[in-house]
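Student: To start, I am sharing the structure in question, which I have written as structure tokens.
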Amino acid sequence: MTAVQTARTSVTRPPIHPPSLLRASATIVWRNLLHIRRMPEMLLDVTVQSVMFVLLFAYVFGGAIAVIGSNYREFLLPGIMVQTMVFSSAIVAMGLTSDLQKGIVDRFKSLPIPRSSVLVGRSISSLIHSSIGVLVMGLTGLLIGWRIRNGVVDGILAFLLLLLFGFALIWLGIWVGSLMRTVEAVQGFMFTVMFPLTFVANTFAPTETMTPWLRTIAEWNPVSALTQACRELWGNGPPAPADAAWPLQNPVMVSVAWSFIFIAIFAPLAVSAFRRRSRD
Amino acid sequence: MTAAPAVEAVELVKHFGDTRAVDDVSFVVPAGSVLGLLGPNGAGKTTLVRMLTTLSVPTSGTGRVAGFDIIEQPNEVRRSMGLTGQAATVDEILTGRENLKLIGALYGLPRKYVAEATERLFARFDLTHAADRMAKTYSGGMRRRLDLAVSLLAAPPILFLDEPTTGLDPMSRSGLWDVLRELVTEGTTLVLTTQYLEEADNLADEIVVVDKGKVIAAGTPTQLKDRAGKASVVVTLTNAADLDAAADLMRAHSPEVHVERGSRRVTAQAGGLGDMTRIAAVFETSGIELDDLGLARPSLDDVFLHLTGHRAETEPDAGASSSDATTEGVPS
Ligand SMILES: Nc1ncnc2c1ncn2[C@@H]1O[C@H](COP(=O)(O)OP(=O)(O)O)[C@@H](O)[C@H]1O
Ligand SMILES: [Mg+2]
């Protein structure tokens with residue numbers, strides 16, 4: 001046997017230690033956050049846009065929207081934070097579709113990592129993304145007079161509720177992101193869903209003055225329960241009126257319940273759509 | 001030395017709805033050799049590579065990579081091979097260096113190794129000057145090279161390349177060929193797809209020709225070219241009046257001579273360069289004026305025409321052309 005032949009059969013390799021789900025996900029989160037740092041404009045949707053919403057509603061419509069027993073800016077802030085959180089599902093969907101479209105997911109799939117780390121990493125970075133938005137909202141709120149009035153525990157509980165709800169909707173995002181082929185399609189679809197979802201609710205105006213059928217829809221909208229829960233936990237508004245629908249009478253419990261219902265529905269759909277897409 | 005094959009396809013089938021993208025394909029690639037999967041656009045090359053690299057699940061059949069079953073042991077397969085897909089799969093927002101860092105972390109490679117390997121690979125692929133630039137500023141050729149560097153980071157003994165040179169200019173193409181040859185001398189087994197017979201001819205030990213999802217021929221480059229017909233010497237005359245004289249001259253050197261009057265061309269079957277120089281020498285002394293004299297080898301077109309009776313479409317497909325478009329207006 002000649003030396004050349006020996007060389008042809010052996011490639012010296014470095015030690016490969018395939019990462020655990022946690023490590024692989026953390027690496028993918030690092031990569032996704034690097035994207036945000038390189039393109040801070042990715043944060044526009046949850047920062048500048050949301051601040052604009054706050055200012056628009058607080059100062060332009062604020063005078064016209066009478067909220068009994070509360071000042072409108074305090075009433076508004078929880079609503080805008082919920083809206084920001086709901087939009088995290090659009091963020092995750094667009095990010096996932098973009099990675100699928102550009103072959104990045106294919107690259108990850110060719111590596112010895114748990115495939116679910118692509119989804120776990122994506123959802124964590126999207127939660128971080130929208131949490132930055134909530135933080136910016138909070139600071140803006142503090143500047144214009146919003147306060148957490150019911151103590152630290154309730155205050156933190158409200159933030160946890162927001163995160164849980166955001167996490168639940170992320171599965172909707174993964175589902176939509178796995179089904180659609182282009183980022184533009186995803187964006188169009190998600191915004192068409194998100195706008196009515198966040199506007200036909202108590203986010204920007206109380207539901208009492210809506211026409212009865214619209215009021216019923218708005219009060220059963222999961223977004224309203226979460227908004228009401230945050231308002232009550234932060235002490236930013238009165239409890240729901242006695243004639244409001246049942247979910248608004250028990251907003252914290254109902255928000256938690258909706259979150260788990262969404263996870264139960266969308267997580268299996270999301271995982272199977274992603275798997276199916278991953279088979280081709 | 002073991003005779004275990006590096007890659008095996010065993011009756012692989014993949015259907016997309018009614019499309020039979022891959023229809024019962026089997027082949028064996030011995031360790032250390034180069035297999036060329038040759039076929040026109042839509043033949044099923046990408047689908048084959050995606051199945052063998054565990055990106056796509058076969059409808060039926062299976063395959064083995066480094067002895068591991070692609071369906072039963074996908075993770076072992078992923079550890080044993082590198083893949084450079086048809087469209088570059090680099091992260092455009094990350095710098096070249098960060099792309100390698102990302103992949104290194106996902107393989108769980110030691111940081112120190114990744115740092116050293118990055119320097120080595122960037123030097124080899126002429127990317128050192130661009131290592132800290134975002135990959136979106138790279139030209140199409142640079143992206144391809146970065147993609148290849150990423151694929152080679154864990155020094156895989158088996159490398160799959162899907163149309164590695166489609167859309168590259170001739171210079172970059174021959175540069176890439178050199179790199180691939182080096183890899184082979186280092187012991188890497190290559191499976192590469194291509195639409196160009198010339199490329200398969202240059203690189204592959206063994207060629208498998210696929211069309212419409214099926215293997216229509218397999219063999220060494222020489223065997224295939226012989227089946228597709230011999231090379232020919234093509235002479236273009238300055239004056240049509242000399243056509244018959246030229247044909248007579250060439251008949252003395254070749255069994256089969258063909259005259260095309262309209263284009264003032266005489267074609268003679270030839271064995272290779274030797275025949276061409278001999279015929280050139282004859283015309284040197286004949287006084288017949290020539291516009292052009294050259295050797296025409298059978299093209300992929302000829303192979304296809306011969307094997308299938310229909311012409312191959314050789315324009316690059318969507319994935320490749322979109323990566324070309326990115327070369328526009330990019331500093332290199
Ligand atoms: N994901 C997919 N869904 C549906 N059809 C596909 C898919 N991928 C490939 N095909 C079809 O399978 C056939 C083979 O495609 P491909 O493997 O990409 O060929 P090649 O790489 O040789 O150009 C083509 O007809 C193509 O349209
Ligand atoms: Mg292809």
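The values are calculated or read from the model by the stated rules, or taken from the named source; none is laboratory data. Since the structure is predicted, the reported quantities are computational estimates derived from the model, not experimental observations. We place every Cβ from the backbone using ideal geometry, glycine too, and count neighbours over all the protein chains shown. These area figures cover heavy atoms from the full protein model, side chains too; ligands, DNA and RNA do not enter into them. Shrake-Rupley method; radii C 1.70, N 1.55, O 1.52, S 1.80 Å.
Student: If you roll a 1.4 Å probe over segment B:230-297 with all protein chains in place, what percent of the accessible area is carbon or sulfur?
Tutor: 48
Student: Inside 10 Å of the C-beta atoms of B:100-106, what's the mean count of C-beta atoms belonging to other chains? Write down the numbers at each step before the final one.
Tutor: Details: counts 0, 4, 9, 5, 2, 9, 13.
Mean partner shielding for this stretch: 6.
Student: Tell me: how much accessible area in total is hidden between A and B, 1.4 Å probe, Å², nearest 100? Can you show the working numbers first?
Tutor: Values: alone 14310 and 15870 Å², together 26330 Å².
In total, this chain pair buries about 3900 Å².
Student: Next up: For A:D154, what accessible area in Å² do you get when you roll a 1.4 Å probe over the heavy atoms of the protein chains, rounding to the nearest 10?
Tutor: About 50 Å², ignoring ligands and nucleic acids.
Student: Now a separate question. Which one of B:A6, A:G63, B:T54 has its Cα pushed farthest toward the positive end of the charge dipole of the protein assembly as shown, where Lys and Arg give +1 and Asp and Glu give -1 at the Cβ?
Tutor: A:G63
Student: Using the C-alpha gyration tensor of the protein assembly as shown, what are the square roots of 5 times its eigenvalues, in whole angstrom, with the largest one first?
Tutor: Numbers: eigenvalues 792, 129, 95 Å².
The answer is 63, 25, 22 Å, longest axis first.
Student: Helix-only estimate, please: 222 nm mean residue ellipticity of chain A, summing -39500 (n - 2.57) across DSSP H runs of length 4 or more and dividing by its residues, to the nearest 500. Before the final figure, lay out the partial values.
Tutor: Details: 13 runs with 197 residues, N = 280.
So the calculated ellipticity at 222 nm is -23000 deg cm²/dmol.
Student: Towards the positive end of the charge dipole of segment A:41-279, with charges on Cβ (+1 Lys, Arg; -1 Asp, Glu), say which of A:N236, A:V152, A:S130 has the farthest Cα.
Tutor: Farthest towards the positive end: A:S130.
Student: Among B:T19, B:T194, B:T47, determine the one that fluctuates most according to a GNM of chain B built with springs between C-alpha atoms less than 10 Å apart.
Tutor: B:T19
Student: Per DSSP H run of at least 4 residues, take -39500 (n - 2.57); add these up for chain B, divide by its residues and hand me the 222 nm value, nearest 500 deg cm²/dmol. Numbers along the way, then the final one.
Tutor: Details: 12 runs with 125 residues, N = 332.
After summing the helix terms and dividing by residue count, I get -11000 deg cm²/dmol.
Student: Considering only B:G141, B:G96, B:G274, give the residue with the highest GNM mean-square fluctuation for chain B, with springs between Cα atoms whenever their separation is below 10 Å.
Tutor: In this elastic network of chain B, the residue with the biggest mean-square fluctuation among B:G141, B:G96, B:G274 is B:G274.
Student: Express the relative contact order of chain B as a whole percentage, based on alpha carbon pairs under 8 Å and six or more residues apart in sequence.
Tutor: For chain B, the relative contact order is 21 percent.
Student: Would you list which lysines come within 22 Å of B:K112, measuring only between C-alpha atoms, while excluding same-chain residues fewer than 8 positions from it?
Tutor: Within reach: B:K101.
Student: With the other protein chains left in place, how much accessible area per residue, in square angstrom, belongs to chain B at a 1.4 angstrom probe? Display every interim value, and only then the final one.
Tutor: On the way: 13970 Å² over 332 residues.
Solvent-accessible surface per residue comes out at 42 Å².
Student: Among the lysines, which have Cα under 23 Å from the Cα of B:K212 when same-chain residues fewer than 8 positions away are ignored?
Tutor: Filter leaves B:K14, B:K45, B:K225.
Student: In µm²/s, what is D for segment B:112-271 at 10 °C and 1.306 mPa s, where D = kT/(6 pi eta Rh) by Stokes-Einstein and Rh is the Kirkwood radius from Cα pairs? Walk me through the intermediate numbers first.
Tutor: On the way: Rh = 19.3 Å.
D = 82 µm²/s.
Student: With Cβ to Cβ distances under 9 Å as the rule, what net charge do the other residues near B:K14 carry (K, R +1; D, E -1)?
Tutor: After counting each charged neighbour, the total is 0.
Student: Antiparallel as a % of all DSSP beta bridges within chain B, to the nearest 5?
Tutor: 70
Student: Work out, in µm²/s and without decimals, the Stokes-Einstein translational diffusion coefficient of chain B at 20 °C, 1.002 mPa s, Rh from Kirkwood over C-alpha pairs.
Tutor: Value of D from the Cα-based Kirkwood radius: 98 µm²/s.
Student: OK, next. So if I place +1 on the C-beta of Lys and Arg and -1 on the C-beta of Asp and Glu, and nothing else carries charge, what would the dipole magnitude of segment A:164-280 be about its Cα centre? I want it in debye, nearest 20.
Tutor: 580
Student: Something else: What net charge is computed for the residues neighbouring B:R265, neighbours being all others with C-beta under 10 Å from the C-beta of B:R265, Lys and Arg scored +1, Asp and Glu -1?
Tutor: Details: positive: B:R261, B:R264; negative: B:E260, B:D291, B:D292.
Its environment carries a net charge of -1.
Student: Based on the Cα gyration tensor of segment A:127-279, what are the three equivalent ellipsoid semi-axes, each the root of five times an eigenvalue, rounded to whole Å and given largest first?
Tutor: Equivalent ellipsoid of segment A:127-279: 29, 19, 15 Å, largest first.
Student: Please arrange A:F167, A:F108 by accessible surface area, largest first, computed with a 1.4 Å probe and ligands excluded.
Tutor: A:F167, A:F108
Student: Okay, next question. Compare B:A245, B:A21, B:A204 in a GNM of chain B, Cα atoms joined below 10 Å, and give the one with the largest fluctuation.
Tutor: Looking only at B:A245, B:A21, B:A204, the largest GNM fluctuation is found for B:A245.
Student: Give me the dipole magnitude in Debye, nearest 20, for segment B:230-297 about the Cα centre, with unit charges on the beta carbon: positive for Lys and Arg, negative for Asp and Glu.
Tutor: Around 260 debye, computed over segment B:230-297.
Student: Given +1 on the Cβ of Lys and Arg, -1 on the Cβ of Asp and Glu, and no further charges, what dipole in debye does chain A carry about its Cα centre, rounded to the nearest 20?
Tutor: Approximately 1440 debye in magnitude.
Student: For all pairs of alpha-carbon atoms in chain A, what percent lies in each bin of width 5 Å, listed from the first bin to the last filled one?
Tutor: Calculated P(r), rounded to whole percents: 1, 6, 11, 16, 17, 14, 11, 8, 6, 4, 2, 1, 1, 1, 1, 1, 0, 0, 0.
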